[in-house]
Every structure is written in C-alpha cells, then in structure tokens.
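**Q** Pasting a structure here, questions to come.
The values are calculated or read from the model by the stated rules, or taken from the named source; none is laboratory data. Since this is a predicted model, take the numbers as computed values, not measurements. Here the Cβ is made from the backbone with ideal geometry for all residues, glycine too, and neighbour counts use every protein chain on show. We work out accessible area using only protein heavy atoms, side chains counted, and drop any ligands, DNA or RNA first. Shrake-Rupley method; radii C 1.70, N 1.55, O 1.52, S 1.80 Å.
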Amino acid sequence: MENERRQTEIAVLKEQDEKKNLIIYASIALGILLLSLVILAYNRYLVKKRSAVILEKQNAEIQEKKEIIEEKNKDITDSIRYAKRIQNAILPSDDHMHSLFPESWCCFLPKDIVSGDFYWFEKESEYKLFGAVDCTGHGVPGALLSVVGHNLLGKALTDLKLVMPDKILKFLDGEIHKTLRHKDMLNDNGIQDGMDISLCCYHEKSKALFYAGAFNPMYVFRNGQLLEFKADKILIGSGDSSNKNFKLHELKVESGDEVVLFTDGFADQFGGPFGKKLKYKPFKEMLLSVQNLTMKEQSTTVTRSFEEWRKDFDQVDDVCVLAVRLG
C-alpha cells in the first residue's frame with residue numbers, strides 16, 4: 001500500500017512539473033511574440049516617422065514651387081491685364097462710335113483677357129468707315145497682331161487717304177505680309193498668320209455704302225429681309241498682294257437699313273443641348289429676330305443669346321459683332 005501511495009504522489013508531482021514547464025514555455029513563447037510585436041510596431045513607427053519627415057519635406061518643396069508658380073502667374077496675368085488697358089485704349093470708345101453713328105452697338109467678348117478681334121470706327125472727310133477684324137489666334141498673340149492691324153488701318157486712312165474698302169484691304173494685305181515676313185528667306189517656311197476683315201465705308205450725302213471683305217461677309221437687314229454680301233476668300237497677309245484684288249460692293253442705302261459686321265467667334269461657339277457649333281443659319285435668325293428692338297436692346301439681347309447658347313461650355317474664340325443703322 002505504501003508503495004502504491006508513493007507512486008501516486010510521484011505521478012502527481014510529475015504531472016505538476018509538466019504543467020509548470022508548459023506554463024513556462026507558453027509564457028516564454030508569449031513573451032517572444034509580444035516582444036516581436038513591439039519591435040515590429042516600433043519599426044513601423046520609425047518608418048512612418050521617416051516617411052512623415054520625407055512627406056513634410058516634399059510638401060514644403062511643393063508649396064514653395066506652388067508659390068513661385070502662383071507669383072509668376074500673377075505677374076503674367078497682371079501684365080496681360082495691363083495689355084488689356086492698352087488694347088481698350090486703342091479700341092474706339094462708345095462716345096466716338098456714337099458720334100459717327102448714333103444708332104450703333106458692338107458686342108465684344110474676348111476669349112481671354114485680351115483679344116485677337118477688334119473693331120474700328122473712323123472718319124476721313126465726308127466718309128465714315130467701320131469694320132470688324134479677326135486676327136489669327138486669340139489672347140496675347142492675337143492681340144499683338146491686332147495692334148499691327150489697327151495701326152495699318154490708321155496709316156491707310158490718315159497717311160494715304162484711302163477710303164475705299166477694297167483699296168484699304170489690298171494695302172493691308174501687302175503690309176501685313178511684309179511686317180510678319182511670311183516667307184523666311186532661310187528655310188522657306190511660311191508664318192500662317194494674318195487677318196479676316198469686313199470693312200465698310202459710308203458716304204452719308206449720297207447714301208452710298210461701300211463694302212469689301214476678306215472671309216468675313218456683310219449682312220444688311222432691310223424691311224425684315226437679310227441681304228448678304230460675300231467676302232473674298234483671301235487671308236489678309238497671306239502672300240504677294242501685287243496680283244490680288246478685292247471686290248468692292250456698292251449699295252444704295254435705304255431708310256432704316258441696318259448693317260451688321262462680325263467675326264466667326266459667335267457662329268463657331270459650341271453650346272446648346274447637344275454641345276454643337278451654333279453655325280451661321282441660327283446666327284442669322286437670331287440677328288433677324290432682334291431687328292424690331294432698339295439698338296441698346298439689340299446689343300443686350302445678342303450678348304445674352306451668346307451666353308445662353310454657350311452655358312457651361314468654354315468660349316472657343318473671341319467674339320465681335322457690330323451693328324450700324326443707316327439712312
């Protein structure tokens with residue numbers, strides 16, 4: 001009996017030792033696991049900290065570059081806005097326009113701050129001239145060319161005393177070509193710049209209206225009807241003008257005639273429910289629909305019509321539409 005009791009005690013003690021060893025091994029394994037987790041977490045912390053430092057440095061560099069770009073953009077924008085002031089000073093004022101043609105208006109909407117389109121109203125002796133001009137491009141490049149075109153129009157009128165539109169266009173064509181040096185003598189590459197124009201001359205005493213155009217036609221609204229006068233398909237400044245001649249159209253003005261000149265920006269604008277170009281048929285219909293309105297109302301309606309058509313679409317080109325009521 002005593003032997004069995006001692007064997008039982010030994011078995012119990014052995015089982016207890018095994019349990020203790022199991023607990024010790026489990027504790028060691030758990031400790032190693034926890035230590036591994038702590039080391040892993042610390043390493044991840046260090047990695048995140050290093051990443052945060054790198055990211056902060058990168059963000060600081062990005063912010064610095066952003067500020068430099070913003071400052072440069074501001075300088076460029078300020079310069080362009082100042083150029084707009086110069087361009088506005090060149091364009092005829094409303095007072096000047098109305099002094100020549102009391103019943104007139106102009107819808108002038110640059111795509112960017114400055115415009116490649118411009119309009120022109122001047123007088124020489126008994127002749128009153130007005131025109132709408134579309135220089136190649138828009139923004140700064142177009143605006144630079146518009147200054148050239150404006151100065152050449154002034155030279156044709158005041159220095160050379162040219163009043164007939166066809167003669168002025170021929171002069172412009174040659175001078176623009178020479179000014180821009182379209183044919184580079186070194187590589188024979190042509191600069192494809194120039195201008196489209198519709199130009200009118202009105203002799204009030206004889207009620208005679210003269211028109212010539214390069215790509216841009218003239219519309220005359222008379223008694224609810226639209227008379228269209230086609231332009232020559234010649235880009236002003238495109239080449240040697242010695243053998244080029246522009247067609248001169250002459251019209252006997254009747255009381256209430258309204259002349260509309262324009263560039264292609266309005267008709268080429270994308271918009272409407274399907275995001276398509278307006279094109280010229282709806283443009284004509286819109287102009288015809290405002291003929292019973294006063295000139296001020298016409299101006300407001302035409303401008304509003306453009307914005308309603310464009311809606312959320314970007315403006316694709318400069319817009320210039322001018323109207324003069326004669327007779």
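**Q** Which of (1) β-branched (Val, Ile, Thr); (2) surrounded by 22 or more Cβ atoms within 10 Å (Cβ to Cβ); (3) more than 29 Å from Ala208 (Cα to Cα) does Val147 not meet, given it meets every other one?
**A** Checking Val147 against (1) β-branched (Val, Ile, Thr); (2) surrounded by 22 or more Cβ atoms within 10 Å (Cβ to Cβ); (3) more than 29 Å from Ala208 (Cα to Cα), the one that fails is (2).
**Q** Looking for something aromatic (Phe, Trp, Tyr), touching an Asp or Glu at 6+ places or on another chain (Cβ under 9 Å) and at pLDDT 95 or above - is there at least one such residue anywhere in segment 218-225?
**A** Just the residues of segment 218-225 that are aromatic (Phe, Trp, Tyr), to begin with: 219, 221.
Filter once more, keeping what is touching an Asp or Glu at 6+ places or on another chain (Cβ under 9 Å): 219, 221.
From what's left, at pLDDT 95 or above: 219, 221.
Within segment 218-225 (the criterion being aromatic (Phe, Trp, Tyr), touching an Asp or Glu at 6+ places or on another chain (Cβ under 9 Å) and at pLDDT 95 or above), the answer is yes, since at least one residue qualifies.
**Q** Please specify each residue of segment 229-252 satisfying the condition of being within 20 Å of Arg325 (Cα to Cα) and either in contact with a helix residue (DSSP H, G or I) (Cβ under 8 Å, 6 or more places away or on another chain) or surrounded by 14 or more Cβ atoms within 10 Å (Cβ to Cβ) (or both).
**A** Narrowing segment 229-252 to residues within 20 Å of Arg325 (Cα to Cα): 229-230, 249-252.
Phe229, His249, Leu251 - these are the residues of segment 229-252 that are within 20 Å of Arg325 (Cα to Cα) and either in contact with a helix residue (DSSP H, G or I) (Cβ under 8 Å, 6 or more places away or on another chain) or surrounded by 14 or more Cβ atoms within 10 Å (Cβ to Cβ) (or both).
**Q** Follow-up question, since we're still on this one. Identify all residues within segment 258-285 that are surrounded by fewer than 17 Cβ atoms within 10 Å (Cβ to Cβ) and either part of a loop (DSSP other than H, G, I, E, B) or in contact with a helix residue (DSSP H, G or I) (Cβ under 9 Å, 6 or more places away or on another chain) (or both); write none if there are none.
**A** Asp268, Phe270, Gly272, Pro273, Phe274, Gly275, Lys279, Pro282
**Q** Any idea which residue in segment 195-228 is most open to solvent (accessible area, probe 1.4 Å), counting only those that are more than 21 Å from Tyr127 (Cα to Cα) and part of a loop (DSSP other than H, G, I, E, B)?
**A** Here the answer is Asn223.
**Q** Residues to consider are Ser289, Ser255, Ser305; find the one that is open to solvent by 80 Å² or more (accessible area, probe 1.4 Å), of a type in the set (Gly, Ala, Ser) and modelled with pLDDT of 95 or more. If you could, list the steps in order and put the result at the bottom.
**A** Values: Ser255 fails: modelled with pLDDT of 95 or more; Ser305 fails: open to solvent by 80 Å² or more (accessible area, probe 1.4 Å).
Only one candidate passes the filter, namely Ser289.
**Q** Need at least 2 residues that are over 30 Å from Lys296 (Cβ atoms), within 20 Å of the chain's Cα centre (by Cα) and modelled with pLDDT of 90 or more per element, so show me which strands (runs of 3 or more DSSP E) inside segment 70-171 make the cut, counting only ones lying wholly within it.
**A** Where strands (runs of 3 or more DSSP E) fall fully within segment 70-171, none carries at least 2 residues being over 30 Å from Lys296 (Cβ atoms), within 20 Å of the chain's Cα centre (by Cα) and modelled with pLDDT of 90 or more.
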